[in-house]
Amino acid sequence: MVVYGDLGSGNCYKVKLLLSLLNINHRWIHVDILKKDTQTADFLSLNPNGKIPVLVLEDGRVLSESNAILGYVAEGTRFIPTDPFIKAKMYQ
């Protein structure tokens, strides 16, 4: 699992924090948003929207948007409630 992000971004930081809390092995690749690293052809091939964070799974599938990444990573852990109402409140 590879994450592209900039820890100066709150959205990237929360992904890094959850991965650390869950002890999920990952590789972090720093993307400097101030140097417009998100606008390079290589980065845009991962996320055409040019935004971070981006998660690349071992099989090559790509997720962007921090909340989508958090939901994927947290599925089946203590961070996603099993009760439907409490889960809905989490998303609220």
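Among LYS51/LYS87; LYS36/LYS89; LYS36/LYS87, which pairs are too far apart, with a Cα-Cα distance over 30 Å?
Working: LYS51/LYS87 27 Å; LYS36/LYS89 36 Å; LYS36/LYS87 36 Å.
Checking Cα-Cα distances, LYS36/LYS89; LYS36/LYS87 exceed 30 Å.
For a quick protection proxy, order the peptides 42-48, 63-69 by their average other-Cβ count within 10 Å, most packed first. Write out the running numbers ahead of the final one.
Numbers: 42-48: 13.4, 63-69: 17.0.
Descending mean neighbour count gives 63-69, 42-48.
Find the relative contact order for the chain and round it to a whole percent, using C-alpha pairs within less than 8 Å whose residues are 6+ positions apart.
Values: 110 pairs, mean separation 26.6, N = 92.
Relative contact order of the chain: 29 percent.
How do ILE33, ILE52 line up, fewest other C-beta atoms within 10 Å first? Let's see the in-between values first.
Details: ILE33 16, ILE52 26.
Ranking ILE33, ILE52 by Cβ neighbours within 10 Å, fewest first, gives ILE33, ILE52.
Among [x] 51, 37, 30; [y] 43, 26, 22; [z] 38, 29, 22, only one was calculated for this model; which label is it, if the read-out is Cα extents along the principal axes in Å?
Computed from the coordinates, Cα extents along the principal axes in Å corresponds to [y].
Which order do THR77, THR38, THR82 fall in if you start with the one that has the fewest other Cβ atoms within 10 Å?
On the way: THR77 11, THR38 20, THR82 8.
Lowest count first: THR82, THR77, THR38.
Using the number of other C-beta atoms within 10 angstrom as an exposure proxy, rank ASP37, ASP32, ASP59 with the fewest first.
Numbers: ASP37 17, ASP32 11, ASP59 5.
Starting with the residue having the fewest Cβ neighbours, the order is ASP59, ASP32, ASP37.
Taken together, the values in this text are just the output of simple stated rules run on the coordinates, not laboratory data. Nothing here was measured: the structure is a model prediction, and the numbers come from that model. Neighbour counts run over all protein chains shown; Cβ positions are idealised from the backbone, glycine included.
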